[in-house]
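S.K.: Take this structure first; my questions come after.
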Amino acid sequence: METVTPSYYSKFKCIADKCRHSCCIGWEIDIDENTLEFYRNQKGEIGEKLKENISCENTPHFILGEKERCPFLTKSGLCELYIKLGEEHLCDICTLHPRFVNYLTDRKEVGLGLCCEEAVRIILSEESKFTLITEGSRKEKLSEDEREILNLRDLCIHTLEDKRKSIKDRLYDLLSLADYCTVPDLNIKYWAKEYSKLELLDENWGVILNKLINSDEYLNFEEILNEFEDAFANLAVYFIYRHLVKAAEDYCTAEYLQFTFISVLLTASILALLKSEKGEVKTEDLFETVRMYSSEIEYSDENMETLLDIFNEMNF
């Protein structure tokens, strides 16, 4: 099988106790079958602790403790299982996170997800053009739909990286690349209201959306787009790389382009609101806004499906 990863992929390394938003807090951590069997065979103190803190109801998972902390997250922010059993005995989800995987015919595409603050920093700070590193080879041919989507994705990325145009113009050009693709309403309050109806994972996200809905300020998202032009281009390319390939199966080509368009504009609008409150925004504010957006939207299948449905209705 052919495996592809972005060129920046190898730069990632978990920053562990230095992370301000630990993936070991607030997330249900499922345990794969092989790792569960290994944990069941552990003896002594660690074996007893594993037995006490694993639930096999529905999908096997760790029983989160106070403030939804994984029971094996130490006070210092390190993983007790990593320390005592080794990295090779972490469950699959802990080993993979924050990576994502998409599959095509005899081709696996891997990337870093933006729910992780270190992944956000790497992706949005990348100075080189987006390129893929390929390992292995395909024995089977891609389907016609898959080939078409990959070609379209290359064109989308080329469009988003065209620095002869403003980032706003590039985003509009992006929408023109798919058939029956309507330009979404630019009323940010409308989108903040739609997003506020989605499944809420972090109360702070709800607070931010309500501020957008109730703000009387003129939110100059275009100024923010220009201020962080390269980072927003990288963000748009990330969305296209991660999601557009799924259109080979679900045929939501226009919807994924619209999702990218609105995701960037909503993020920029949140930063414009923050700038009106603080007088300035920093790169760290951009990173945190993107991290929160990704956590709330991309990591909820329900939220992604709802948004794609909204975009789909716009096109008919």
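S.K.: Per residue, how much accessible surface does the chain expose to a 1.4 Å probe? Answer in Å², no decimals.
M.R.: 53 Å²
S.K.: Put E45, E126 in order of accessible area, largest first, 1.4 Å probe: what do you get?
M.R.: In descending accessible area the options line up as E45, E126.
S.K.: Hey, if we sort S143, S294, S176, S55 by accessible area with the 1.4 Å probe, largest down, what's the order?
M.R.: S176, S143, S55, S294
S.K.: Which shape class applies to the range 1-153: rounded if a/c is under 1.5, otherwise prolate when a/b exceeds b/c and oblate if not, where a ≥ b ≥ c are the square roots of the Cα gyration tensor eigenvalues?
M.R.: Because a/c hits 1.5 or more and a/b exceeds b/c, the range 1-153 counts as prolate.
S.K.: Strictly greater than 36 Å: what percent of every Cα pair in the chain meets that?
M.R.: So the portion of pairs separated by more than 36 Å is 23 percent.
S.K.: Hey, in the chain, which Cys have no second cysteine's beta-carbon closer than 4.7 Å?
M.R.: Lacking a cysteine Cβ partner under 4.7 Å: C14, C19, C23, C56, C79, C91, C94, C115, C116, C156, C181, C252.
S.K.: What nm value, rounded to one decimal, do you get for the distance between T306 and E199 when each label is placed 7 Å out toward the C-beta?
M.R.: Between T306 and E199, the simple spin-label model gives 1.0 nm.
S.K.: Please report the accessible area of M1 (heavy atoms, 1.4 Å probe, ligands and nucleic acids excluded) in Å², nearest 10.
M.R.: Rounded to the nearest 10, the figure is 100 Å².
S.K.: Can I ask one more? So how do F316, F311, F38 rank on accessible area, 1.4 Å probe, biggest first, that is with the largest at the start?
M.R.: Result, largest first: F316, F38, F311.
S.K.: Let me ask you something else. Considering only E199, E57, E48, give the residue with the highest GNM mean-square fluctuation for the chain, with springs between Cα atoms whenever their separation is below 10 Å.
M.R.: Its mean-square fluctuation being the largest, the pick is E57.
S.K.: Rounded to the nearest 10 Å², what accessible area does K282 have for a 1.4 Å probe in the complete protein model?
M.R.: Its heavy atoms expose roughly 110 Å² to the probe.
S.K.: Helix-only mean residue ellipticity at 222 nm, the chain, DSSP H runs n ≥ 4 weighted -39,500 (n - 2.57), per residue, nearest 500. What is it?
M.R.: -16000 deg cm²/dmol
S.K.: Now for a separate question. Rounded to the nearest 10 Å², what accessible area does T3 have for a 1.4 Å probe in the complete protein model?
M.R.: Rounded to the nearest 10, that gives 40 Å².
S.K.: With axes computed from alpha carbons, what is the tilt in degrees of helix 253-278 against the longest principal axis of the chain, rounded to the nearest 10 within 0 to 90?
M.R.: 90 degrees
The values are calculated or read from the model by the stated rules, or taken from the named source; none is laboratory data. What you see is a predicted model; the values in this text were computed from it and never measured. Heads up, the Cβs are rebuilt from the backbone with ideal geometry, glycines too, and the neighbour counts pull from every protein chain shown. These area figures cover heavy atoms from the full protein model, side chains too; ligands, DNA and RNA do not enter into them. Shrake-Rupley method; radii C 1.70, N 1.55, O 1.52, S 1.80 Å.
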